[in-house]
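Shown next, in structure tokens, is the structure this report addresses.
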């Protein structure tokens, strides 16, 4: 593969050493994945990855391991000529929450409650909140 080839972008904002260390460890564990570009930003960095699947998994692991905001977006890059399926480029934004007094780098209560609710639901079951 070309060294400039990328499928998705990880936008890290306000990262600290633990977050960067975790990302480097995950890259080293997956030999088929590489970082095509690393662009420094005023409040973090952008990493261009060779695998969308790895990027999505990494984003979810970051959210689970550290307190912060995760946003996943995608845009159509091209259409596969053989299958006529859309090919997407994924952008994963992870904004590490600022540490206040007594804060720890663990998932928030809100994130854990949402995760627990998803696990308790049966496949295909949709949760309807009141007033919606």
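Nothing in this text is a laboratory measurement; each read-out follows from the coordinates by a stated rule. Remember, it's a predicted structure, so these values are computed and weren't measured experimentally. No Cβ is skipped: glycine too gets one built from the backbone with ideal geometry, and neighbour counts run over all protein chains shown.
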Computed FRET value (nearest 0.05) for residue 43 with residue 74, which takes r as the C-beta separation and R₀ as 30 Å
0.85
Cut-off 11 Å (backbone N to label point 7 Å along Cα→Cβ of residue 29), residues of the stretch 47-78:
58, 61-62
Distance from the stretch 49-76 to the stretch 22-43 (C-alpha centre basis), Å:
12
